[in-house]
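Here is the structure we will look at, set down as structure tokens.
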Amino acid sequence: TSDLAEARDLAVQKSNELRKYFLAMEQSGNTIVITDAKGNIEYANPKFTEVSGYSLPEALGKNPRILNSGEHPREFYKYMWDTIKSGKLWRGEFHNKRKDGALYWEDTSIAPVYDSTGRMINFIAVKEDITFRKSLEEAERDQHRLAEALRDTAMALNSTLKLDEILDRILD
């Protein structure tokens, strides 16, 4: 009976541990997607639905290419698949498309998952929506280009006193 009680206690402990891990994934601030070894979605947390617009029932069994915006070349995906299928971690950024067609950016890590025999059985992707950061970076680049144009115009204005030359340079 002591062995049976120990086994039951261990089972309860493992069950509580699994519940904790599941809740952590469900409540994560990042998107978490688990696919089978062929790349078909087996699990996606609520953040996936929030970011992509696809419900879990809509996504289950589908390949994550449902998010493909068409903006990455085939070589990008080939390299990603070659990396994860070889057992390595892949990190990169996806420019994806929501269900409603809106584009968004994700910083992504994808890793293989192995069973107890060492066989690769799944892939897990942890993704962060970086759309806002990317828009700030683009705004910063735009501001930089504008500052350069203003500097060039100021230099042109300072280099001559002839009104026709000044107007031509401003128009350029």
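The values are calculated or read from the model by the stated rules, or taken from the named source; none is laboratory data. All values reported here derive from a predicted model rather than from experimental measurement. Every residue, glycine as well, gets a Cβ built from its backbone with ideal geometry; the counts of neighbours run over all protein chains shown. Side chains included, ligands, DNA and RNA excluded: accessible areas come from the protein's heavy atoms. Shrake-Rupley method; radii C 1.70, N 1.55, O 1.52, S 1.80 Å.
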So ARG91 and ARG65, fully extended at 0.36 nm per residue minus their Cα-Cα distance, gain in nm 7.7 nm
Out of residues 5 or more away from LYS62 or on other chains, whose amide H comes under 5 Å of its own, with H placed 1.01 Å from N in the peptide plane?
-> ILE41
Return the label of the correct value of Kirkwood radius over Cα pairs in Å, as calculated from the structure shown, out of (i) 21.0; (ii) 20.1; (iii) 15.9.
-> (ii)
Descending accessible area (1.4 Å probe), largest on the left, turns SER52, SER116 into SER116, SER52
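Which trypsin sites (Lys or Arg not before Pro) does the range 59-124 hold that lie in a coil by DSSP with at most 13 other beta carbons within 10 Å?
Details: sites: LYS62, ARG65, ARG74, LYS78, LYS85, LYS88, ARG91, LYS97, ARG98, LYS99, ARG119; in loops: LYS62, LYS88, ARG98, LYS99, ARG119.
Qualifying residues, ordered by number: LYS88, ARG119.
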If you take the beta carbon distance between LEU10 and LEU136 as r and set R0 to 45 Å, what does 1/(1 + (r/R0)^6) give as a FRET efficiency, to the nearest 0.05?
-> 0.35
Run the 1.4 Å probe and let me know the accessible area of MET155, rounded to the nearest 10 Å².
-> 120
Stretched out fully, how many nm does the piece from ARG98 to ARG119 gain, at 0.36 nm a residue minus the Cα gap?
-> 4.3 nm
So how far, in whole Å, is the C-alpha centre of the range 113-137 from the one of the range 28-53?
-> 9
What accessible area, in Å² to the nearest ten, does a 1.4 Å probe give for HIS144?
-> 110
Zero-based 10 Å bins, Cα pair distances in the range 57-157, whole percents = 12, 33, 26, 14, 9, 4, 1, 0
So how much accessible area does ILE170 have, in Å² to the nearest 10, using a 1.4 Å probe?
-> 90
